[in-house]
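Working notes, beginning with the structure itself.
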Amino acid sequence: MANPSMGSRIGQARTAQGMSLRQLATRVGVKPTTVENWERGRSEPRANKLLMLAGILNVPVLRLLDNENESAGTSEGSEAAGDLQRVHQKLERAMALQAELSALLNEATVELATLHKRESLEEHKAA
């Protein structure tokens with residue numbers, strides 16, 4: 001059976017979460033056309049965005065990269081392999097959350113600086 005492209009796996013995961021293309025783009029911090037390009041195979045997400053996608057879509061990064069690799073790791077039914085997979089998923093989710101938090105902190109910092117600048121200008125005009 002042919003292995004679907006990364007783009008189609010992103011699209012399948014997005015659809016499985018009941019998320020629109022625009023909603024995913026907003027959560028990842030990119031334009032909807034960027035997500036569309038990923039899903040159509042015109043481009044691929046950078047590593048940090050791939051981690052965010054995996055976290056937001058609640059799928060292992062390996063599934064987005066290559067679902068054959070993911071199934072190979074779990075097909076043997078080994079308890080140790082299952083434990084290892086769960087730990088990897090937790091780490092991937094934590095990394096995605098860290099990237100998302102970092103993006104939010106950056107946005108808030110920029111917004112705060114803008115507000116301080118606006119407030120300073122208003123005080124200067126009032127004086």
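The values are calculated or read from the model by the stated rules, or taken from the named source; none is laboratory data. Since the model is a prediction, treat every value here as computed from it, not as a measurement. Every residue, glycine as well, gets a Cβ built from its backbone with ideal geometry; the counts of neighbours run over all protein chains shown. For accessibility, only protein heavy atoms count, side chains too; no ligands or nucleic acids. Shrake-Rupley method; radii C 1.70, N 1.55, O 1.52, S 1.80 Å.
Computed quantities for the displayed model
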read-out	value
With at most 15 neighbouring Cβ atoms within 10 Å, loop trypsin sites (Lys or Arg not before Pro) (DSSP) excluded, longest segment of the chain	47-127
Whole-angstrom gap from region 1-62 to region 109-127, using each part's C-alpha centre	38 Å
Stokes-Einstein diffusion coefficient of the chain, Kirkwood radius over Cα pairs, 37 °C, 0.692 mPa s, in µm²/s	198 µm²/s
Student exercise, the chain dipole from Lys, Arg, Asp, Glu Cβ charges, in Debye to nearest 20	420 debye
Rounded to the nearest 10 Å², the accessible area of V61 at probe 1.4 Å	20 Å²
Cα lying deepest toward the dipole's positive end in the chain, options L84, A127, L115, charges on Cβ	A127
Summed residue charge, Cβ within 12 Å of L21's Cβ, Lys/Arg positive, Asp/Glu negative	+3
Carbon/sulfur fraction of accessible area - the chain, other protein chains in place, 1.4 Å, %	54 percent
